[in-house]
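Visitor: The structure's right below; bear with me while I get my questions together.
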Amino acid sequence: LLFVVGTVSCTLFLAVNGLYSASDDVIELTPTNFNKEVIQSDSLWLVEFYAPWCGHCQRLTPEWKKAATALKGVVKVGAVDADKHQSLGGQYGVRGFPTIKIFGANKNKAEDYQGGRTSDAIVDAALSALRSLVKERLSGRSGGYSSGKQSRESRGGDKKDVIELTDDSFDKNVINSDDVWMVEFYAPWCGHCKNLEPEWAAAATEVKEQTKGKVKLAAVDATVNQVLASRYGIRGFPTIKIFQKGEDPVDYDGGRTRSDIIARALDLFSDNAPPPELLEIISEDVLKSTCDAHQLCIISVLPHILDTGASGRNSYLDVMLKMAEKYKKKMWGWLWTEAGAQSDLESSLGIGGFGYPAMAAVNARKMKFALLKGSFSEQGINEFLRELSVGRGSTAPVGGGAFPKIHSVEPWDGKDGELPVEDDIDLSDVDLDDWDNKDEL
């Protein structure tokens, strides 16, 4: 019995300590090999300091392994059991798990990794840091490595689009605003805040542009504006909160790189945005302004009004509106025209004269399009757009390499179509007697 219990406890012990193994591409680091492997190396290193019992570390493990495999031969990826090797963790100021450090050209100045905890985010940060390292070598600077700090500043560290808020200005700007606000509460002496600053500034500029100012990035000095800090229970720096009209503020707990912040801001924007307008192509301006402003424009050619009537046409438009709502996060443009109204456009998109209703998705920058092959229904269109959104589906160049001439037409009035009125024939001058005798002529 004692033997069995001992075996079970030993197995549990091994499981707890087994976050990484020799078969992984993650290099296990200890006080014995750390100096030789990392400090004396010319390579860029990403090192995770973890504890086997830490839930966040356990969740990070598969992502860390995946990143290590992707970066193999490019960037070294290591891990230190800092619970077991506390002296090594203490040497690098590790106070929580997991802590990730970047060791670049100057191995004595390791930098904290502030990004997201997905393999994609880790790889992006590694490649960004590697680029900075190579550029420093190219310019003859081999020391003082800063993990992308120089490149971050050159990518838009200007704080012009970060809105500074105070105890006095906060409520009138943020509370009851129709816009979404992402607010960073910081302390000037906080190292993590200083690391975040260029990322926050760069994100603010791009978010302002991409959301047309509908999502705003702001900052509050919590050491000065203590009313706000107290109201929102700020206890650590930086703390980022999201404010939306009619809702309680929520904590932002994503990554702290520019790309992470922008991704979340665009999600917030699209969640709050109305579905895009569905416009009839009544002029060249409607087509060009829509297709030039969006990654893709979805163009439907609906049957002639005499073939469907108003109710039939509205049912097609309803399907398009539902799909526009479903895919609104993609921020595509949505257009429609009546069969025959823009025959040159139809021909350039391979539709041309039959098979209505039809749909094409056009990339105006590349002048390529894809055609809906399935049914013009929610299911058929959804499958078509889903394939496009993941980069699949066959495409063809737009005929002529550019949009053809677009004819100006009257917009649909929402009514059933009417057959053209034939001219009345005046028969008053016709001698009917002559017609009666026409067989005799």
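Visitor: 7 Å from Cα along Cα→Cβ at both residue 347 and residue 33: what's the point-to-point distance in nm?
Guide: Going by the 7 Å Cα→Cβ label model, 7.0 nm.
Visitor: Taking H placed 1.01 Å from N in the peptide plane, check which residues at least 5 places from residue 334 or on another chain put their amide H under 5 Å from its amide H.
Guide: Amide H to amide H, under 5 Å and 5 or more residues apart or across chains, residue 334 pairs with 279, 298.
Visitor: On a C-alpha basis, how far is the centre of region 211-290 from the centre of region 69-106 in Å? Whole number, if you could?
Guide: For region 211-290 versus region 69-106, the Cα centre distance is 33 Å.
Visitor: Give the aspartates and glutamates reachable from residue 194 as a straight Cα distance under 15 Å; neighbours fewer than 8 places away on the same chain don't count.
Guide: Here the aspartates and glutamates satisfying the reach criterion relative to residue 194 are 111, 112, 153, 158, 184, 221.
Visitor: Go through 190-196, 174-180, 44-50 and give me the packing order, highest mean Cβ count within 10 Å leading.
Guide: Those peptides, ordered most packed to least, come out 44-50, 190-196, 174-180.
Visitor: Relative to the present Cα-Cα distance, how much length would full extension add between residue 172 and residue 283 at 0.36 nm per residue of separation?
Guide: The span from residue 172 to residue 283 would gain 35.7 nm if fully extended.
Visitor: Now a separate question. With θ set to phi - 60°, apply the Karplus curve 6.51 cos²θ - 1.76 cosθ + 1.60 along region 283-294 and write out the HN-Hα couplings as whole Hz, x wherever there is a Gly or Pro.
Guide: The phi angles translate into 7, 5, 4, 4, 5, 5, 5, 6, 6, 6, 8, 10 Hz.
Visitor: Go through region 318-333 residue by residue and turn each phi into a ³J(HN,Hα) via Karplus (6.51, -1.76, 1.60, θ = phi - 60°); whole Hz please, and just put x for glycine and proline.
Guide: Karplus values, whole Hz, x for Gly and Pro: 5, 4, 5, 5, 5, 5, 5, 5, 4, 9, 5, 5, 6, 6, 8, x.
Visitor: Let me ask something additional. When the helices in the chain are scored as -39500 (n - 2.57) per DSSP H run of 4 or longer and the sum is shared across all residues, what 222 nm value do you end up with, to the nearest 500 deg cm²/dmol?
Guide: -11500 deg cm²/dmol
Visitor: With just the Cα atoms of the chain, tell me how far they stretch along each of the three principal axes, in Å, largest first.
Guide: So the extents along the principal axes, rounded to whole Å, are 125, 60, 59.
Visitor: So what is the diffusion coefficient of region 278-397 in µm² per second by Stokes-Einstein at 10 °C and 1.306 mPa s, using a Kirkwood Rh over Cα pairs?
Guide: Once the numbers are plugged in, D ends up at 111 µm²/s.
Visitor: Okay, moving on. With r as the distance between the Cβ atoms of residue 131 and residue 368 and R0 = 45 Å, compute the FRET efficiency 1/(1 + (r/R0)^6) and round to 0.05.
Guide: 0.90
Visitor: Taking amide hydrogens as modeled 1.01 Å from N in the peptide plane, which residues meet the under 5 Å criterion relative to residue 364, leaving out close sequence neighbours?
Guide: When sequence neighbours closer than 5 places are left aside, the close amide H contacts are 297.
Visitor: Hey, another quick one. Mind ranking 400-413, 67-80 by how tightly packed they are, going by the mean number of other C-beta atoms within 10 angstrom, highest first?
Guide: 67-80, 400-413
Visitor: Related question: If amide H atoms are built 1.01 Å from N in the plane of the peptide, which residues on other chains or at least 5 residues away come under 5 Å of the amide H of residue 163?
Guide: Under 5 Å from the amide H of residue 163: 217, 218, 219.
Visitor: Assuming a strict under-14 Å limit between Cα atoms, what lysine pair count do you get for region 27-139 once near-sequence pairs (fewer than 8 apart, same chain) are dropped?
Guide: Step by step, the pairs that qualify in region 27-139 add up to 7.
Visitor: Any chance you could tell me what percent of the C-alpha pair distances in region 163-272 go past 20 Å?
Guide: 34 percent
Visitor: Provide the percentage of antiparallel DSSP beta bridges, counting only those with both residues in the chain; round to the nearest 5.
Guide: Percent antiparallel among DSSP bridges in the chain is about 45.
Visitor: Hey, another quick one. By average Cβ neighbour count within 10 Å, what is the ranking of 231-238, 181-188 from highest down?
Guide: Top of the packing list down: 181-188, 231-238.
Laboratory data are not the source of any read-out in this text; all were calculated from the coordinates shown. Here the structure is a predicted model, which is why all the values come from computation and not from measurement. We place every Cβ from the backbone using ideal geometry, glycine too, and count neighbours over all the protein chains shown.
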